[in-house]
Structures are given as structure tokens and as C-alpha cells.
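The values are calculated or read from the model by the stated rules, or taken from the named source; none is laboratory data. None of the values given here were measured: they were computed from a predicted structure. No Cβ is skipped: glycine too gets one built from the backbone with ideal geometry, and neighbour counts run over all protein chains shown. These area figures cover heavy atoms from the full protein model, side chains too; ligands, DNA and RNA do not enter into them. Shrake-Rupley method; radii C 1.70, N 1.55, O 1.52, S 1.80 Å.
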Amino acid sequence: MGENAPQGPLDRRGKGEAGLLSELKLAVPWGHIAVKVWGSQKNPPVLCLHGWLDNANSFDRLIPLLPQGFHYVAMDFGGHGLSSHHHPGFPYYHQSFVSDVRRVATAFKWTRFSILGHSFGGTVGSMETENILTYKRRNIEHMLKVEASQKSPRVSSPEELLQGLLSKNIHLSRECGELLLQRGTTKVDTGLVLNRDPRLSLAENVFDFTSKEMFLQFIRSLQANVLFIKATQGYFGVRRENDNKKQPLLFMLDALRVILKERFQYVEIPGNHYVHMNEPHLVAGFISSFLQSQPRTSSRL
């Protein structure tokens with residue numbers, strides 16, 4: 001597989017990783033993309049994409065509940081988990097993470113695969129055109145500020161990091177918070193440091209805010225079948241302080257229903273934003289049925 005070939009399994013297994021086959025590092029020009037693999041490569045592939053500032057451990061409790069006849073690959077997006085950070089001066093854009101997906105697919109020589117995404121991992125943003133330039137400008141300003149600070153990674157105790165994570169993610173249970181930090185931190189002499197790139201801490205560096213017209217064009221060109229699972233106590237917006245603004249989500253759902261018709265399925269389940277980690281059994285049945293109903297013949301991406 002050349003430059004992008006999976007390299008050397010690593011043993012970093014933790015709780016909830018039943019059936020984990022291996023951990024791999026896929027070579028990319030700036031370092032590597034880290035992935036976790038369950039199941040035989042002979043089975044239909046499912047690429048699992050985590051949420052903003054999370055990592056591949058996001059799926060550890062869900063994948064063991066899904067059908068065994070698939071090849072599950074959970075990746076760390078660039079700058080997250082165990083994947084390499086981008087070099088200084090090279091910012092993160094939504095297209096960067098799309099490229100990460102294509103690099104992983106190429107490394108495994110996939111021509112057809114399913115995507116299982118949580119939050120950012122499965123979201124297409126929708127925002128009015130006049131706001132796009134504001135967000136892009138804030139992206140650049142934040143990147144330059146972080147690079148100019150040149151601060152050493154902050155060292156914290158495990159409990160301090162856990163409490164900080166839980167305070168910013170009130171939907172996350174303590175056990176699941178510990179699971180994310182297991183992959184999202186590195187141990188040093190005096191404590192732990194976060195692995196993720198600090199440039200990712202601003203949502204504008206990750207999410208691609210687009211116009212409604214652009215979103216509709218994207219949906220019209222979509223060839224895949226889509227299962228959309230919404231937790232009833234989950235978030236409605238990218239920015240959680242604006243969570244009462246439900247219009248973008250409602251616009252997106254209406255567009256998906258009208259354009260994709262029978263190729264779109266929508267399910268609401270009880271739970272919050274991290275229901276796939278806190279209570280994975282609530283989503284496992286819907287995902288399993290969806291995966292098993294998909295055609296398994298080769299096709300272009």
C-alpha cells in the first residue's frame with residue numbers, strides 16, 4: 001500500500017475493546033493517522049468517525065454490540081487522539097478531515113464502505129452565507145494566536161483532566177470520559193498532557209459552515225443511503241450556547257427527506273449527545289439493521 005500502508009500493530013487496549021484486532025498507524029505526509037480495527041478485512045468495511053475533540057475510543061462500547069460480519073475501522077482525525085498534528089502554519093479545515101477519510105480508504109484499498117459518524121463525524125453544517133466570512137476570519141485569527149503563544153502542553157492530574165472534560169461535556173458519563181482520556185492523553189513524569197492539537201479548540205477550525213444552497217447541491221449529488229439517529233436530549237447546534245436554534249437541523253432533515261426519499265431514515269431515541277457511549281444498546285439495533293440492509297457489491301466512492 002506504499003506510503004499509506006498500515007504499519008505495525010500497537011497494544012494499547014483498554015476496557016470495552018472486546019474483539020479489537022489491532023491498532024495501526026497509516027503513513028501520511030505529515031506523520032500518521034491512527035486507527036483501531038475490529039474484524040476481518042475480508043468483511044464489508046465500516047469507517048467510524050468520532051466527534052469534535054473526541055477520539056476513536058468513542059466507539060469502544062458500541063462496536064462489540066454490532067454485527068460481527070463487518071470490518072470496523074475507527075480512526076483518529078488529524079490532531080486528535082493518537083494521530084499526528086498538522087505542522088505549524090498548516091491549519092485545520094473541514095476539507096482536511098475529508099482528506100483524512102480518503103487517505104484511510106486508500107490505505108485499505110476500499111472501493112465501497114459505510115460510514116458510522118458521531119456528531120462532527122457525521123454532520124454536514126448549514127449556515128447562512130453572510131456568516132461564513134466571519135467564521136473563516138475567526139479561524140485564521142485563532143490559529144495565529146495559538147501558534148504565536150508557543151506554550152508547552154499543560155500538565156494535569158488524571159482527575160483534573162477528567163473533571164475539566166466532564167464540565168465541558170455535561171452529557172458525558174464519568175466512565176466514558178475516562179475512556180476518551182485513555183486515548184486522548186499521554187503520561188509524563190508529573191501527570192498527563194492532552195494529545196490533541198490546541199488549534200482544534202475553536203469550532204470554526206473544524207466545522208465547514210456552508211450556505212443552504214450549497215448544502216442542497218451536496219444532498220442532490222449524494223448516492224449513499226443515510227440513517228440519521230437523533231437523541232431526544234442531544235444538541236441541536238454546533239455551538240451549544242445557541243442550542244435553542246433548531247432551524248438549521250430542521251432545514252437539513254426536511255431536505256434529506258425530500259431529496260433522498262426512501263434512501264433516508266430518521267430515528268429518535270431517548271438519551272443525550274453521547275448516547276452511543278453512555279447507552280450503546282439504544283443505538284446498536286438501528287445501526288445493525290441499517291448495515292445489514294445495505295448492498296455489498298463493489299462501487300465507486
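All but one of (1) in a loop (DSSP other than H, G, I, E, B); (2) open to solvent by 20 Å² or more (accessible area, probe 1.4 Å); (3) within 18 Å of Asn55 (Cα to Cα) hold for Arg154, so report the exception by its number. Here Arg154 meets the rest and fails (3).
Restricting to region 241-292, and then to whatever is part of a loop (DSSP other than H, G, I, E, B) and free of Cβ contacts under 8 Å to residues at least 12 places away in the same chain, can you tell me which residue is least open to solvent (accessible area, probe 1.4 Å)? Please lay out each step first, then the result.
Here is the first cut: in region 241-292, the ones part of a loop (DSSP other than H, G, I, E, B) are 243-246, 273-274, 279-280.
Filter again for free of Cβ contacts under 8 Å to residues at least 12 places away in the same chain, leaving 243-246, 279.
Values: Asp243: 41, Asn244: 123, Lys245: 115, Lys246: 93, Glu279: 75 Å².
Filtering first and then ranking leaves Asp243.
Among the residues making up region 65-116, those that are without any contact (Cβ under 8 Å) to a residue 60 or more places away in the chain and part of a helix (DSSP H, G or I) are Ser96, Val98, Ser99, Val101.
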